[in-house]
Amino acid sequence: MKKQDVQKETYFRTMFKRQNVVKNFIISLFESSTSFGRLIIEVFIRKNMGRRYFKLSGAIITAFFLFLIPFLPMVFPIFLNSYYAPSFWGTIKEYWIWYLFIAVFLYFSYLRFKDIKHLKAVYDFDHFSLSSGDILPFYWQLKFKGKPFSPRTLEIFIEPLPFFFGGILLMLIGQKLLGALIIFSAIVYCISYARAYANGDEFMLDKIDKRICNEEIARTFTTDEPTGRGFRFYGEKPNSKQTREDIYKDMVDDDFEFTEAD
């Protein structure tokens with residue numbers, strides 16, 4: 001195996017990048033099992049999504065499962081409130097607003113599909129293929145105390161907020177199933193974007209901390225100077241300066257170059 005194919009076990013990666021396997025599993029499971037909730041909202045308020053981000057087939061599959069939900073009592077009697085089993089057309093009639101929403105959802109999904117079809121060739125640099133789409137201009141015009149909202153605030157709070165209150169309103173007027181779906185989707189939308197921004201923050205902090213770690217090790221490992229900037233070296237250093245210099249090369253990334261500050 002070539003050396004460059006193996007991830008180098010630097011001091012920062014070994015000491016400070018420990019993974020919480022259980023936490024990561026729960027988060028991954030939540031994100032994969034609730035992604036349809038984000039999709040239900042995005043097709044209405046986003047445009048020009050990336051061709052790898054939005055798939056019409058995914059929207060159709062989501063609509064299919066939504067179509068089946070009111071029929072669960074016909075398949076699983078445990079969902080029945082009585083011994084009365086509704087018929088197929090009786091269910092359609094009772095949940096007509098639910099099915100109207102599914103039809104509207106499919107229509108807007110088709111519009112998002114048309115947005116993608118209008119993009120240029122697949123293999124170019126004109127559009128990010130994993131783009132979650134453009135935020136509607138209306139949201140950019142909103143202000144609080146004379147200042148516009150940041151993209152972070154818009155995506156985490158402002159965009160899903162109307163859907164959350166709309167879902168509550170639907171439940172109050174008797175559309176409990178549809179209202180619950182909209183509320184659930186709004187919560188998933190909020191959490192998923194909060195998670196995305198948190199991941200971005202973690203990435204930047206990792207880059208900063210790794211640089212601090214590398215710089216402090218470069219400055220102090222081969223000497224006996226104290227570390228600074230909150231970084232602490234854990235472990236005993238070899239007595240030999242030559243040994244320290246040899247080990248130091250394996251403690252930081254190969255492309256790291258340390259320059260003393262003036």
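Here's the picture: charge each Lys and Arg Cβ at +1 and each Asp and Glu Cβ at -1 in segment 148-262, and of F203, T222, I168 the one pushed furthest to the positive end of that dipole is I168. Each Cα pair under 8 Å and six or more residues apart adds its sequence gap; the mean of these over the residue count of segment 140-225 is a relative contact order of 21 percent.
Using θ = phi - 60° in the Karplus curve 6.51 cos²θ - 1.76 cosθ + 1.60, the 3J(HN,Hα) couplings for segment 221-228 round to 5, 7, 10, 10, 5, x, 6, x Hz; x is entered for Gly and Pro. Compactness of segment 94-195, taken as the C-alpha radius of gyration over 2.2 N^0.38 Å, stands at 1.30. Of the peptides 146-153, 187-194, 110-117, the order by per-residue mean of other Cβ atoms within 10 Å, starting with the highest, comes out as 187-194, 110-117, 146-153.
Annotation: peptides 202-208, 165-171, 55-61, 216-222, ranked by per-residue average of other Cβ atoms within 10 Å with the highest first, follow the order 216-222, 165-171, 55-61, 202-208.
Sequence-ordered 3J(HN,Hα) estimates for segment 243-248 from the Karplus curve with 6.51, -1.76 and 1.60 and θ = phi - 60° stand at 5, 4, 5, 5, 5, 3 Hz, glycine and proline given as x.
Please report how far the C-alpha centroid of segment 145-198 lies from that of segment 211-241, rounded to the nearest whole angstrom. First find each Cα centre; the distance between them is then 47 Å. Summing Cβ point charges (Lys, Arg +1; Asp, Glu -1) relative to the Cα centre of segment 21-67 gives a dipole of roughly 220 debye. For segment 229-234, backbone phi angles converted through the Karplus equation (6.51, -1.76, 1.60; θ = phi - 60°) give residue-by-residue couplings of 6, x, 7, 10, 8, 9 Hz, Gly and Pro being listed as x.
Every number here is computed from the coordinates shown, using simple stated rules; none is lab data. Since the structure is predicted, the reported quantities are computational estimates derived from the model, not experimental observations. Positions of Cβ are generated from backbone atoms using ideal geometry, with glycine treated the same way; all protein chains shown enter the neighbour counts.
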